[in-house]
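The values are calculated or read from the model by the stated rules, or taken from the named source; none is laboratory data. This one's a predicted model, so the numbers in the text were calculated from it and none came from an experiment. No Cβ is skipped: glycine too gets one built from the backbone with ideal geometry, and neighbour counts run over all protein chains shown. SASA here: full protein model, heavy atoms, side chains in, ligands and nucleic acids out. Shrake-Rupley method; radii C 1.70, N 1.55, O 1.52, S 1.80 Å.
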Amino acid sequence: MENKILENAKVFYFVAVAVMMYYFLNEYIDVGLHVTYRHAFALVLFGSAMLMFLYKPNIARGITAFKDACIYSIPLLVTTVVSLFIWFAETVDAGVMSRGLSSSFIYTNMLSFALGSGALLYVFGNRGVWYNLIAILAANLLMIVTIIAQNSLAGFFSEFVTLLVTFAEVTGDVIIQAEIHELAFCLGAYLIYMLFKPRKSIAYFILLFLTLFCFAAALKRIAIIAIVIALVSGYILKLIARFNQKTAGRLAIFLSVFVIVLLVGYIALIKADAFALLEQMGINTSGRVEIYNAVDKFYEFNPGFLGNGIGFLTYQLNEFMTVNVGAVHNDFLQHFIDLGFWGYIIWLVSMVLIRVWYFGRNGNVENAILTFMLTLYLIIASSTDNTMNYPLLTGVLAMLMMGNSFEENVRATEVKMFGYISDANKKKESDLLL
């Protein structure tokens, strides 16, 4: 009985901290630097798990969670090392370096959020995947309830229906308040996971319904496109895997390389004014032609383009440009301008190829496919938006990539280290929440 109470208290504490991480999207702590609440709560999750590890260490689980989080966060290492090389080569002043590093480590540090996800996995195993989703839904539903209380239930659902019927062409003053971009993209990633690995349980269908509702309340069209393409790709690879696992695994790696080539070509198309051609064809690019023309002077598409260092383009847009936007709304163009031709390619390899290879290692084809799907989702969503600047989304992607086969990886690590599987790491209820 006492153990049950302690377990429930542990679940309540970690889920409550996670809810606050997803709820406080704009608030920050001023400690000389502006540290966002969500960043602080991610570190609280990690710190709490560390205290539990120090009190009663599970070495295999700790090593697996920490290593997975670090591998997932290699793109942060790439942007830092490449930027330092550029800054030292161009002998920029310390203020430029501080500004660039602050944007990576203080505001959108993917390592902090990956460690937060790793903390939930360390404490709860695969159940951490679902506790994290519950936290997102609780935060999002609380926001929606607040919007309804400030307006009216009838008004909210009337505009909600209009939003769905017009496929977000018409958005009212009430429903637009529920367009919480960052949480919508987080839930989109979970929809991919849940539809790729459906379960037959009441809890699963309740969570799926709530996820669909909260996602639809924001209704990001680019996210829907990304979900559909990711799922189609995943289902095809899953079908191939039924006949030949190795072929499916190799195809996931090949497609990852192909995606990298396409993303390099994407920059070449932007430089060649492809978006201006789209405007001439009558396709609305939402002002991106003007933005891309404004930043055209900052880069060249050739192997000799060294780059400017992380944070350069954001600073230019906010301080000196006349296009009245704070971001280029294209994460790939931004990273190309910041990191240069070769730095951009290394960054793509770290974000796409290394993750698919690592999380699909040891013949875990399902995880390779899932990682590729989630990466494809992120890429498509980021092609017209600044989705990669959403730290909560990086944490969700880390959770799903790390968590899908976390227990299996823990047991493999323990066997490799000690030659046996302890009772604490034997498969039990951790994978049976749903």
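Looking only at residues that are part of a helix (DSSP H, G or I) and surrounded by fewer than 16 Cβ atoms within 10 Å (Cβ to Cβ) in the range 81-98, which one is modelled with the lowest pLDDT? Across the range 81-98, the extreme among qualifying residues is 95. Condition check: touching a Cys at 6+ places or on another chain (Cβ under 9 Å) and either buried (at least 21 other Cβ atoms within 10 Å of the Cβ) or not in a helix (DSSP H, G or I) (or both). Does residue 187 satisfy that? In short, yes. Looking at 189, 184, 138, 168, which one is at positive phi and under 24 Å from the mean Cα position of the chain (by Cα)? Only one candidate qualifies: 168.
Okay, residues lined up against (1) more than 22 Å from residue 400 (Cα to Cα); (2) at pLDDT below 90:
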{"position": "139", "(1), (2)": "no, no"}
{"position": "143", "(1), (2)": "yes, no"}
{"position": "152", "(1), (2)": "yes, yes"}
{"position": "173", "(1), (2)": "yes, yes"}
{"position": "183", "(1), (2)": "no, no"}
{"position": "198", "(1), (2)": "no, no"}
{"position": "207", "(1), (2)": "no, no"}
{"position": "212", "(1), (2)": "no, no"}
{"position": "219", "(1), (2)": "no, yes"}
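For first residues located in the range 295-323 and within 11 Å of residue 334 (Cβ to Cβ) and β-branched (Val, Ile, Thr), partners that are part of a loop (DSSP other than H, G, I, E, B) and at pLDDT below 90 and lie 6+ apart or on another chain with Cβ distances below 9 Å form the pairs 295/321; 295/323; 295/328; 314/326; 314/327; 314/328.
For the range 192-205, a residue qualifies if it is more than 20 Å from residue 19 (Cβ to Cβ) and in contact with a helix residue (DSSP H, G or I) (Cβ under 9 Å, 6 or more places away or on another chain), and the qualifying residues are 192, 195, 196, 197, 198, 199, 204.
If I filter the range 164-172 for residues that are part of a helix (DSSP H, G or I), touching a residue at least 12 places away in the same chain (Cβ under 8 Å) and open to solvent by less than 20 Å² (accessible area, probe 1.4 Å), do I get at least one hit? No, there is no match, as no residue in the range 164-172 is part of a helix (DSSP H, G or I), touching a residue at least 12 places away in the same chain (Cβ under 8 Å) and open to solvent by less than 20 Å² (accessible area, probe 1.4 Å). Taking first residues from the range 192-210 that are farther than 13 Å from residue 230 by Cα and open to solvent by 40 Å² or more (accessible area, probe 1.4 Å) and partners that are of a type in the set (Ser, Thr, Tyr) and in a helix (DSSP H, G or I), the Cβ contacts under 8 Å between residues at least 6 apart in sequence or on separate chains come to 198/204. Given the structure, is residue 61 in contact with a Phe, Trp or Tyr (Cβ under 7 Å, 6 or more places away or on another chain), of a type outside the set (Val, Ile, Thr), farther than 29 Å from residue 361 by Cβ and assigned to a helix (DSSP H, G or I)? No: the conditions fail for residue 61.
When you scan the range 41-52, do you find a residue that is under 23 Å from residue 23 (Cα atoms) and of a type in the set (Phe, Trp, Tyr), even just one? Checking the range 41-52: at least one residue is under 23 Å from residue 23 (Cα atoms) and of a type in the set (Phe, Trp, Tyr). Filtering the range 350-393 to residues that are modelled with pLDDT under 95, open to solvent by 10 Å² or more (accessible area, probe 1.4 Å) and of a type in the set (Ser, Thr, Tyr) leaves 383, 384, 390.
Note on the range 21-58: residues that are over 27 Å from residue 418 (Cβ atoms), open to solvent by 60 Å² or more (accessible area, probe 1.4 Å) and free of Cβ contacts under 8 Å to residues at least 24 places away in the same chain total 8. Residues in the range 251-298 that are polar (S, T, N, Q) and open to solvent by less than 30 Å² (accessible area, probe 1.4 Å): 256, 285. Taking residue 110, is it hydrophobic (A, V, I, L, M, F, W, C) and open to solvent by 60 Å² or more (accessible area, probe 1.4 Å)? No.
Criterion first (without any contact (Cβ under 8 Å) to a residue 60 or more places away in the chain, assigned to a helix (DSSP H, G or I) and among the aromatic types (Phe, Trp, Tyr)) does residue 341 satisfy it?
Numbers: without any contact (Cβ under 8 Å) to a residue 60 or more places away in the chain: yes; assigned to a helix (DSSP H, G or I): yes; among the aromatic types (Phe, Trp, Tyr): yes.
Spelling it out, residue 341 is indeed without any contact (Cβ under 8 Å) to a residue 60 or more places away in the chain, assigned to a helix (DSSP H, G or I) and among the aromatic types (Phe, Trp, Tyr).
For the range 219-246, the set of residues classified as under 19 Å from residue 357 (Cβ atoms) and either among the hydroxyl-bearing types (Ser, Thr, Tyr) or surrounded by 14 or more Cβ atoms within 10 Å (Cβ to Cβ) (or both) consists of 230, 233, 234, 237, 238, 240, 241, 245, listed by residue number.
If you check residue 283 against the conditions, is it without any contact (Cβ under 8 Å) to a residue 40 or more places away in the chain and touching a His at 6+ places or on another chain (Cβ under 7 Å)? Judged against the criteria, residue 283 is not a match. Taken together, the residues in the range 394-425 that are farther than 21 Å from residue 59 by Cα and surrounded by fewer than 22 Cβ atoms within 10 Å (Cβ to Cβ) amount to 0.
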